[in-house]
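Shown next, in C-alpha cells, is the structure this report addresses.
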Amino acid sequence: RARVSTRVAAIAESATLAVDAKAKALKAAGRPVIGFGAGEPDFPTPDYIVEAAVRAAQDPANHRYSPAAGLPALREAIAAKTLRDSGYEVRPSDVLVTNGGKQAVYQAFAAILDPGDEVLLPAPYWTTYPEAIRLTGASPVEVFAGVDQGYLVTVEQLEAARTPRTKALLFNSPSNPTGAVYSPEQTAEIGRWALEHGIWVITDEIYEHLTYDHAVFTPVVRVVPELADTTIVLNGVAKTYAMTGWRVGWMIGPSDVVKAATNLQSHLTSNVANVSQRAAVAALTGDLSAVETMRAAFDRRRRTMVEMLEAIDGVRCPAPQGAFYAYPSVEGVLGRTIRGVTPTTSAELAALILDEAEVAVVPGEAFGPSGYLRLSYALGDDDLVEGVRRIQALLGEAV
Ligand code: PLP
C-alpha cells in the first residue's frame, strides 16, 4: 500500500509559492533576482489596523479560545461591510470567519461537493481551486478562455460543459491570474444561467476593491438576488488591506451550508487567531482610503508593465482590469531560440527567464494551459521597471 494517500499524493505543490520560494532562495544566495511571483501587496498593513491588534493582544479575553465561527463583532462587521460594498443584506449568523480566503475555498467545496460531482472551472484559474475540488472526490471541468476572448468565459461555453453531474461553478472576478473583470451584464447572464440550471455559484470576491479604468466589481448575488440560496461568497482582508500575513477570510452562504462548514472547521482549526480577528474588525469598520492609495499605485504600475510587455515582439498583454497581475500571452515567443535554448512551453520559458535574466515569473501551466506568464505588479516601481526591462532584453534576442 502507498505510504501517502492517493488523494493527498495527487496535490501538486503550489506553483506560485514554489516560484516565490526559488526567487527568495536565489536572492538569499546573493543573486539580484526580481520576483514577479508573489500574490501580495508590497505595502505594510495600515497603522490603525496594527494598533487595534496591539490593543487586542493585551486583552486577556483574546488569549482564550473563541467561537469557531468567528468573533460576533467580526461576523457583524462582515455583514455590515457586505451591505456597504455589495448592496445586499446577510445575517451575521450566515458568515463563517476562516484562516484566510484559502480556508474558505476548501470549506466551501467540502461543504457542498460529493465524489463524482463536477465543478465548472473557468481557466486560467487560481491554482488552489482544482486541488480543493479534487480533495472532495469531485472533478474540476476546465472551461478555457484565452487572450482572444479577454480571458472571459461565455455562457455558451459554460452550457457546452454542463452535464447532469455539474454541481457548481467557480466564479472569480476580478480574476487571479488574468486580472479579467466580468461586466455587470456578463455577471448577471452567468448568474441567471446558474439559477436556471440549479448550479451552485462559488464566487471568490477577494479582489473586489482592486479594479481599474472603467471596470467595476459586480457581486453576483446583487444582480441575481434569487441566487442567494445557492451561492457561497468567499472573501478576506488580505488583498484589500495588505493583510496577507494575518490570515483572516470568510465565507457567506445559506444557513445549512455555513453550519456544515462551521462543524468542519470546529474539528479542523477552531477559531481564527483572536488578535487577527480584532485587526480585521478595525479594517472592515474603517474606511477604504488605504486601499484607494494602494489601488492608485497598482494602477500606475499596471500601465507601465502592460506598455513594456506589449513592446516585446511575440508578447500580447491585454490591460488587466482588476487584481494586481498581468497575464501576457507568450505564444509568439515559444519555438524561437534564445541563447541557444528553444522553449516550447511557458514553463520552459519561465525557467529560462529565471536562469538568464534573474527574473521570477509564474508560467501559465500553474493556472491552466501553457502559453502564458503571470507577473504580479504588486512590487516597487523601480524593481518593476528593471525586471520587465530584463525580460525585454532577453526576449529581444529571440531568433
Ligand atoms: N482567492 C484568490 C483568487 C486569491 O488570489 C487568494 C490569494 O492569493 C485567495 C483567495 C486567498 O487569500 P488568503 O488566503 O491570503 O486570504
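Odds and ends about this structure:
- Size descriptors for the chain (Cα atoms only): Rg and Dmax, in that order, 21.0, 66 Å.
- For the chain, the longest principal axis of the C-alpha atoms and the axis of helix 255-268 are separated by about 70°.
- Sparsely packed loop sites in region 1-81 (the GluC sites (Glu not before Pro) outside DSSP H, G, I, E and B with at most 14 other Cβ atoms within 10 Å) comprise 13.
- Phi-derived couplings, Karplus 6.51 cos²θ - 1.76 cosθ + 1.60 at θ = phi - 60°, listed residue by residue for region 155-166: 4, 4, 5, 5, 4, 5, 8, 6, 9, x, 8, 5 Hz, with x used for Gly and Pro.
- Computed [θ] at 222 nm, deg cm²/dmol, the chain (DSSP H ≥ 4; -39,500 (n - 2.57); rounded to nearest 500): -12000 deg cm²/dmol
- Projected onto its three principal axes, the C-alpha set of region 63-138 covers 37, 33, 20 Å, listed from the longest axis down.
- Both radii come from the Cα set of region 169-316: Rg as radius of gyration, Rh as Kirkwood radius; their ratio Rg/Rh reads 1.02.
- Of the chymotrypsin sites (Phe, Trp or Tyr not before Pro) in region 54-109, those whose Cβ has at most 15 other Cβ within 10 Å and which sit in DSSP loop: 65, 88
- Acute angle (nearest 10 degrees) that the helix 72-86 long axis makes with the longest principal axis of the chain, alpha-carbon atoms: 60 degrees
- Rg/Rh (Cα only; Kirkwood hydrodynamic radius) as it applies to region 47-285: 0.97
- Compactness of region 310-369 as Cα Rg over 2.2 N^0.38 Å, two decimals: 1.12
- Relative contact order of the chain, defined on C-alpha pairs under 8 angstrom at six or more residues apart (%): 22 percent
- Packing-based ranking of 33-42, 140-149, 172-181 yields 172-181, 33-42, 140-149, ordered from highest to lowest mean Cβ neighbour count within 10 Å.
- Per-q log10 I(q)/I(0), region 266-385, q = 0.11, 0.14 Å⁻¹ (Debye; single scatterer per alpha-carbon; no solvent): -0.52, -0.72
- When you filter the trypsin sites (Lys or Arg not before Pro) in region 39-126 for DSSP loop state and at most 12 other Cβ atoms inside 10 Å of their Cβ, you are left with 64.
- Cross-link pairs 24/81; 239/259; 27/81; 24/167 - those with Cα-Cα distance over 29 Å: 24/81; 27/81; 24/167
- Angle between the chain longest axis and helix 289-310 axis [Cα atoms, degrees, rounded to 10]: 30 degrees
- Across region 1-113, Cα-Cα distances exceeding 24 Å account for 55% of all pairs.
- Separation between Cα centres of region 149-219 and region 255-290, rounded to whole Å: 25 Å
Laboratory data are not the source of any read-out in this text; all were calculated from the coordinates shown. On a predicted model such as this, the values are computed, not experimentally measured, just so you know. Don't worry about glycine lacking a Cβ; one is built from the backbone with ideal geometry, like all the others, and counts go over all protein chains shown.
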